[in-house]
Amino acid sequence: MHERVKVGESAGWTDLWMDYWNSEGHMSVGYTWPLSASQPLTKRLDYQWATQDLLTQFVSIEKIVDKPVNGMYLSDHAALISKFNF
């Protein structure tokens, strides 16, 4: 685990990807980089975090924009989107 992740967790923040996907039994590590046709995703550079208060409203998190559009990727990272019920 990266040191910055430990800092977030020790401050009481929850890593939304790990919380959601591991609770669903998928054990997905959430790799988001490098986004290219020539190699698989191998690193997790993108995170979304929530406090315990916000976590009660959390519904899901997914990778988006991880496929090419007209043969080109829009970024070198897959985007993450989280859904909350407010």
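If you take the charge dipole of region 3-84 about its Cα centre, with +1 on Lys and Arg Cβ and -1 on Asp and Glu Cβ, which of L41, T14, T56 is farthest toward its positive end?
Of the candidates, L41 comes out farthest on the positive side.
Using helices alone, I'd like the mean residue ellipticity at 222 nm for the chain: each DSSP H run of four-plus residues gives -39500 (n - 2.57), total over residue count, nearest 500.
Helix-only estimate at 222 nm: -5500 deg cm²/dmol.
Just to be sure I understand the model, the point goes 7 Å from the Cα along the line to the Cβ. What's the resulting S60 to Q48 distance in nm?
1.1
Could you give the Stokes-Einstein D for region 1-58 in µm² per second, using the C-alpha Kirkwood radius, 20 °C, 1.002 mPa s?
171
Give the distance, in whole Å, between the Cα centre of region 55-86 and the Cα centre of region 10-52.
Region 55-86 and region 10-52 have Cα centres separated by 11 Å.
Under 29 Å Cα to Cα from K6, which lysines show up? Leave out anything in the same chain fewer than 8 places away.
Reachable lysines: K43, K63, K83.
Relative contact order for region 3-84 using alpha-carbon pairs under 8 Å, separation at least 6, rounded to a whole percent?
The value is 29 percent.
Report the charge-dipole magnitude of the chain in Debye, nearest 20, computed about the Cα centre from +1 at each Lys and Arg Cβ and -1 at each Asp and Glu Cβ.
200
FYI, it's all coordinate maths here, none of it is from the lab. All values derive from a computational prediction rather than experimental measurement. So basically every Cβ, Gly included, is an ideal-geometry build from the backbone, and we count neighbours across all protein chains shown.
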